[in-house]
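The values are calculated or read from the model by the stated rules, or taken from the named source; none is laboratory data. In this text, all values refer to a predicted model and were calculated from it rather than measured experimentally. Because the Cβ atoms are built from the backbone with ideal geometry, glycine has one as well, and the counts that use them run over all protein chains shown.
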Amino acid sequence: MGYTVEDGMLKLGRISVGSNCFVGARSLLHPGSAMEDDSALLELSMLKENCTIPEGETWRGSPANPYKSSYDLLVEAKKKSQPSVKLFKRIGLILVHTVALLFVILLPWILLIPYSLVIYFSNIQESFLMTLITIIPLSGLYILTFCLFLRL
């Protein structure tokens with residue numbers, strides 16, 4: 001902003017920002033500070049009064065100090081983009097997720113087996129009334145059993 005208020009006094013000063021500079025979010029440049037071309041002030045940093053960031057440097061902190069060169073930041077970003085999980089861990093995670101997915105898909109069908117057998121055997125007797133009497137409570141019992149298994 002080019003000004004500060006100290007002890008009730010308004011102090012004015014110039015701020016100089018060169019071309020192709022980066023000023024991070026919520027960073028502060030005090031009056032009299034400067035950033036030369038291709039320099040960077042990272043997020044949540046404060047550049048002190050009458051302080052200059054040299055060309056091509058990256059500073060951070062409050063008060064800001066030299067952080068890393070642009071080359072170091074590029075190397076660091078490249079390392080972060082490369083997968084750090086080993087093959088063994090990946091295979092293990094794939095297996096765990098596959099088993100979990102099969103469990104979620106197959107659980108309702110597995111729980112349905114005992115209730116289906118009861119309904120099947122009640123139908124063998126060819127009694128429609130008996131089938132209706134067994135289907136209604138078994139449907140409710142199936143829903144309760146399914147909810148209990150999901151709760152575990």
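Scan region 94-109 and give yes if some residue there is in contact with a Phe, Trp or Tyr (Cβ under 8 Å, 6 or more places away or on another chain) and either over 17 Å from Leu150 (Cα atoms) or touching a residue at least 24 places away in the same chain (Cβ under 8 Å) (or both), otherwise no. Scanning region 94-109, I find at least one residue that is in contact with a Phe, Trp or Tyr (Cβ under 8 Å, 6 or more places away or on another chain) and either over 17 Å from Leu150 (Cα atoms) or touching a residue at least 24 places away in the same chain (Cβ under 8 Å) (or both), so the answer is yes. Report, by residue number, each residue of region 1-25 that is of a type in the set (A, V, I, L, M) and either on the phi > 0 side of the Ramachandran plot or loosely packed, with under 11 Cβ neighbours inside 10 Å (or both). Passing the criteria: Met1, Val5, Met9, Leu10, Leu12, Ala25. So, Ser45, is that one within 31 Å of the chain's Cα centre (by Cα) and modelled with pLDDT under 90 or not? So Ser45 fails the test. Output the residues belonging to region 26-43 that are surrounded by 14 or more Cβ atoms within 10 Å (Cβ to Cβ) and either touching a Lys or Arg at 6+ places or on another chain (Cβ under 8 Å) or part of a strand (DSSP E or B) (or both). Passing the criteria: Leu28, Leu29, His30, Pro31, Gly32, Ser33, Ala34, Met35, Ala40, Leu41, Leu42.
All conditions in (1) modelled with pLDDT of 85 or more; (2) of a type in the set (Ser, Thr, Tyr); (3) out of contact with any Asp or Glu (no Cβ under 7 Å at 6 or more places or on another chain) hold for Ser70, with the sole exception of (1).
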